Amino acid sequence: MILLHPGRLQRVRSPCRMRSQSAASVASVTVQERLNQLVGLFKGRTERHKDRLADPDESEEESPTACGSPRSRSPHPGNLDPLSLPLDPIGLPKENRIQLVSWILWDPSGISVGSPTPAKAPPAPPPPPPGEEKKDEPEPPQEAGLFQFELLGHPVQLPKLPPMPDWLRSVLEYRFPSSIDPFTDLIYVIWLFFVVAAWNWNVWLIPVRWAFPYQTPDNIHLWLLADYACDFIYIADILVFQPRLQFVRGGDIVCDKKDMREHYMTTERFKMDVLSLFPMEILYYFTGVNSLLRFPRLLKYVVFFEFNDRMEAVMKKAYIYRVIRTSTYLLYSLHINACLFYWGSDYEGLGSTKWVYDGKGNA
């Protein structure tokens with residue numbers, strides 16, 4: 001029944017319509033309950049079929065028997081066939097029930113009616129039949145720590161090597177890079193440390209061996225061994241590391257081997273590196289082993305300043321390194337002064353005048 005009101009349209013529901021809606025809600029509740037019951041029956045039937053497919057013998061043994069009939073079943077609602085039920089209270093005909101069954105079996109996951117019974121795991125396959133036992137003779141037991149093999153039909157035993165340490169394996173598996181970033185590569189900074197150590201050997205000890213009588217015929221072989229070890233470091237730096245240093249050209253980082261090698265050979269550093277290895281030791285044949293003939297080794301000073309720049313870039317407290325470097329400069333000045341004073345005293349005669357060294361002390 002519809003009542004019109006000025007400016008508003010109202011719908012008034014009659015009591016008969018309210019009763020019809022209440023009856024419809026009751027019917028919908030009944031339909032929902034019946035659907036839930038059907039879904040439960042379909043679930044139970046599906047699980048039973050799964051059990052039969054997984055283990056037909058076991059499912060037959062587990063099926064209950066009554067009055068000596070092997071096929072009789074318990075009248076439990078889960079054992080009923082949903083398709084054999086009479087017409088339900090909802091009033092669905094058998095054709096619609098078949099469509100409902102097919103829909104639920106096709107996608108039963110959309111309806112939640114309790115937790116489904118988990119399917120039984122398939123039985124483990126039977127063990128394979130035992131094969132023929134091998135009649136081979138038992139091998140002789142190997143002694144621990146021995147590596148055994150046959151050589152020309154004769155057994156040979158060698159002691160096994162101890163396991164390789166991790167650090168040694170890392171060193172052996174290391175592959176030298178084709179290009180090196182001189183600003184961020186830590187390996188290059190470590191290498192510069194060894195080159196600077198070789199340069200400092202020459203800077204500090206060439207004046208000592210020239211002025212003081214520390215180099216004698218008894219230990220001359222030790223001095224020469226240290227000198228040639230430093231020369232080997234110089235050569236490795238020229239041939240291995242410097243031609244692999246990356247450089248910037250036109251705003252781009254160049255990593256090509258040929259370009260890096262040609263760029264290094266055009267720099268002033270390459271010229272100083274080559275001059276620092278000038279073999280003036282040939283004159284040892286005429287003058288004897290004189291440390292002043294190794295003076296060209298001091299021309300590799302560029303590596304010292306490069307190492308200082310890299311250390312200041314790497315260290316968090318670079319001012320500590322600057323203080324140590326400045327103190328080293330002062331000590332080296334005193335070192336050169338002491339060498340010159342002893343050389344002049346030895347030239348004039350030790351203790352000959354009050355202005356020269358008298359020869360007393362640990363010099």
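What is the local net charge at ALA318, summed over the other residues whose Cβ is closer than 12 Å to its Cβ (Lys, Arg +1; Asp, Glu -1)? With Lys, Arg at +1 and Asp, Glu at -1, the net is +3. The listed peptides 160-167, 269-276, 240-247, ordered by packing as a protection proxy, come out as 240-247, 269-276, 160-167 (highest mean of other Cβ atoms within 10 Å first). Calculated translational diffusion coefficient of region 315-362 (4 °C, 1.567 mPa s; Stokes-Einstein with Kirkwood radius over alpha-carbon pairs) equals 101 µm²/s.
Taking the protein heavy atoms of region 228-363 in the context of the full set of protein chains, the accessible area attributed to carbon and sulfur is 66 percent at 1.4 Å. Taking a ≥ b ≥ c as the square roots of the eigenvalues of the Cα gyration tensor, region 235-336 is classed as oblate, since a/c reaches at least 1.5 and a/b does not exceed b/c.
Below 12 angstrom from the Cβ of TRP201, what's the summed charge of the other residues (Lys, Arg +1; Asp, Glu -1)? Counting the neighbours of TRP201, the net charge comes to +2. At R0 = 30 Å, how high is the FRET efficiency between LYS316 and PHE270 if r is their beta carbon distance? Nearest 0.05 is fine. In this case the efficiency is close to 0.35. Placing +1 on the Cβ of every Lys and Arg and -1 on the Cβ of every Asp and Glu, with nothing else charged, gives region 173-314 a dipole about its Cα centre of roughly 240 debye. Taking chymotrypsin sites (Phe, Trp or Tyr not before Pro) across region 304-358, the ones in a DSSP loop with at most 15 further Cβ atoms lying within 10 angstrom of their Cβ are TRP355. Given their separation in residues at 0.36 nm each and the Cα-Cα distance between them, TYR214 and THR46 gain 50.3 nm when the chain is fully extended. Treating each Cα of region 173-314 as an identical point scatterer and summing with the Debye formula, the log10 of I(q)/I(0) at q = 0.14, 0.19 Å⁻¹ comes to -0.73, -1.14. Spacing of the modelled spin labels on LYS258 and ASN337, each 7 Å from Cα toward Cβ, amounts to 5.6 nm.
Placing unit charges on the Cβ atoms of the charged side chains and taking the dipole of region 315-362 about its Cα centre, the candidate lying farthest along the positive direction among SER333, TYR357, TYR319 is TYR319.
Region 184-216: which chymotrypsin sites (Phe, Trp or Tyr not before Pro) are DSSP loop and have at most 15 other beta-carbon atoms within 10 angstrom? Sparse-neighbourhood loop chymotrypsin sites (Phe, Trp or Tyr not before Pro): TYR214. Rolling a 1.4 Å probe over the heavy atoms of the protein chains gives region 173-314 an accessible area of 58 Å² per residue. About the centre of its Cα atoms, region 315-362 shows a dipole size close to 560 debye [charges on the beta carbon of Lys, Arg (+1) and Asp, Glu (-1) only; nearest 20 debye]. In a DSSP loop and with at most 10 other Cβ atoms within 10 Å, the trypsin sites (Lys or Arg not before Pro) in region 274-363 are LYS316, LYS317, LYS354, LYS360. Counting charges near TYR234 (Lys, Arg +1; Asp, Glu -1) among other residues having Cβ under 12 Å from its Cβ returns a value of -1.
Selection among LEU222, PHE307, LEU239 by position relative to the dipole of region 173-314 gives LEU222 as farthest towards the positive end (Cβ unit charges, Cα centre).
Taking all protein chains into account, the per residue accessible area for region 315-362 stands at 82 Å² (1.4 Å probe). Model label sites at ALA226 and PHE295, defined 7 Å from Cα along the beta-carbon direction, differ in position by 2.1 nm.
The values are calculated or read from the model by the stated rules, or taken from the named source; none is laboratory data. Fair warning: this is a prediction, and the values are worked out from it, not measured in the lab. With ideal geometry, Cβ positions are generated from the backbone for all residues, glycine too; neighbour counts draw on all protein chains shown. Keep in mind that these areas ignore ligands, DNA and RNA; they rest on the heavy atoms of the full protein, side chains included. Shrake-Rupley method; radii C 1.70, N 1.55, O 1.52, S 1.80 Å.
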